[in-house]
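This report refers to the structure that appears directly beneath it.
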Amino acid sequence: MMRVAAAQVRCPWMDREAGVRKVIDFVGRAAEAAVELVVFPETFLPGYPFWLTQAGGAGLDDPKQEPAYAAYQEAAVELTGPELRMITECVRDQGVFTYLGIAERGPGHGTVYCTLLAIDPVAGVCGVHRKLVPTFEERMVWGNGDGHGLRVHQVGGARVGGLCCWENWMPLARHALYAQAPDLHVSVWPGSTRLTGDITRFIALEGRMYSLAAGALIDYADVPAGFPLRDAILAAEQNSPYDGGSAIAGPNGRWIVEPVKDEERLVIADIDPVEVRGARQNVDPTGRYSRPDVFQVTVDRTRPSSAAFLD
């Protein structure tokens with residue numbers, strides 16, 4: 001048996017330092033609860049760019065949109081920065097394998113990526129997956145990712161892979177992970193019970209494995225005073241739809257923990273990889289129930305660069 005958890009936490013939006021403290025706090029709570037793997041939501045550090053839907057994010061050369069993007073880029077996390085060093089040290093000390101969603105500031109300080117990190121207590125950061133296709137208005141702030149992070153990791157007695165938000169609906173992205181024989185799939189979300197209900201169970205049924213969704217809680221009142229679009233966001237007087245939605249389903253597609261709404265807590269379950277073996281008795285999507293002689297899937301896991309310099 002293996003104990004896993006989704007960290008459904010209220011996001012200290014655009015406050016990177018407070019976000020790091022919260023991650024460290026909940027990794028510690030997970031260790032106290034004997035959790036071996038904990039999953040944090042999509043772009044938990046420094047937060048999901050929800051202003052795109054609240055304050056006209058598609059405005060070209062807009063005098064407030066450009067400063068908003070600049071502020072978000074400034075708050076984003078660098079892979080070699082002090083924030084990840086602190087979190088990696090915490091993961092090592094607590095012994096809890098951690099998936100963490102970040103907004104990653106890419107090279108050149110021009111592009112931000114929606115990135116899912118896998119952090120091993122011994123090896124440190126062992127997976128850096130950039131979301132393949134940002135969804136809808138997210139493309140205004142996040143660049144396209146690549147296949148480099150489409151990898152499954154060994155965590156104790158289980159193999160685990162993960163995807164970000166709506167790329168969980170990409171059949172070939174799921175297939176790329178299924179082909180690496182995971183026992184548990186993790187999906188990370190900005191936080192919405194509306195989004196996690198169907199796909200969490202669908203992946204469990206399709207992949208014949210455990211499926212864990214992790215979503216955040218976001219309160220518009222937490223927008224910091226210096227953010228350029230704060231007044232517009234608050235003036236709209238809309239209720240935040242980011243109500244969590246963390247959930248865990250078994251390899252038979254039945255809920256172990258149904259989507260949790262409006263609660264800040266660890267969503268915990270004990271899983272048994274042996275049950276995955278049994279569930280694949282009749283369906284194994286990249287094994288007995290695949291036809292590689294008919295369908296060929298090639299996954300490019302190189303990380304592309306915009307230029308190759310030959311000196």
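The values are calculated or read from the model by the stated rules, or taken from the named source; none is laboratory data. Since we're looking at a predicted model, the values are computed, not measured. Counting neighbours? That spans all protein chains shown, and the Cβs are built from the backbone with ideal geometry, glycine included. These accessible areas exclude ligands, DNA and RNA; they are computed on the full protein's heavy atoms, side chains included. Shrake-Rupley method; radii C 1.70, N 1.55, O 1.52, S 1.80 Å.
Some values worked out for this structure:
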{"item": "Chain lengthening between Arg303 and Met140 when straightened (0.36 nm per residue, less Cα-Cα)", "result": "56.5 nm"}
{"item": "C-alpha long axis of helix 65-75 to longest principal axis of the chain, angle in °", "result": "60 degrees"}
{"item": "Computed over the range 8-118, Cα set: Rg, Dmax in Å", "result": "15.1, 50"}
{"item": "The chain: angle of helix 82-94 to the longest principal axis, Cα-based, in degrees nearest 10", "result": "30 degrees"}
{"item": "Extension reserve of the Asn252-Arg10 stretch, reckoned as 0.36 nm per residue once the Cα distance is removed", "result": "84.1 nm"}
{"item": "Relative packing of 161-171, 252-262, which averages over residues the other C-beta atoms within 10 Å, highest first", "result": "161-171, 252-262"}
{"item": "Partners for Lys22 among lysines (Cα-Cα distance below 24 Å; same-chain residues under 8 apart left out)", "result": "Lys131, Lys261"}
{"item": "Dipole of the chain, positive direction: furthest Cα of Ala7, Ala225, Ala103, with charges on the beta-carbon", "result": "Ala7"}
{"item": "Positive-end residue, the range 2-280 charge dipole about Cα centroid, Cβ charges, pick of Ala204, Ala118, Cys164", "result": "Ala204"}
{"item": "Among beta bridges that DSSP assigns inside the chain, antiparallel share in %, nearest 5", "result": "60 percent"}
{"item": "Cα centre as origin, Lys/Arg/Asp/Glu Cβ charges: the range 2-280 dipole, Debye", "result": "800 debye"}
{"item": "Rounded Å value of the spacing that divides the Cα centres of the range 70-90 and the range 187-202", "result": "26 Å"}
{"item": "Rg ratio (alpha-carbon, reference 2.2 N^0.38 Å) - the range 2-280", "result": "0.94"}
{"item": "Average accessible area per residue (Å²) across the range 211-268 - probe 1.4 Å, nucleic acids and ligands excluded", "result": "46 Å²"}
{"item": "Other-chain or far-sequence residues with amide H under 5 Å of Tyr242's (modelled H)", "result": "Ile218"}
{"item": "Packing rank of 120-127, 20-27, where each peptide gets the mean count of other beta carbons within 10 Å, highest leading", "result": "20-27, 120-127"}
{"item": "Peptide ranges 184-197, 296-309, 5-18, 79-92 listed from the most packed, as the mean C-beta count within 10 angstrom indicates", "result": "184-197, 5-18, 79-92, 296-309"}
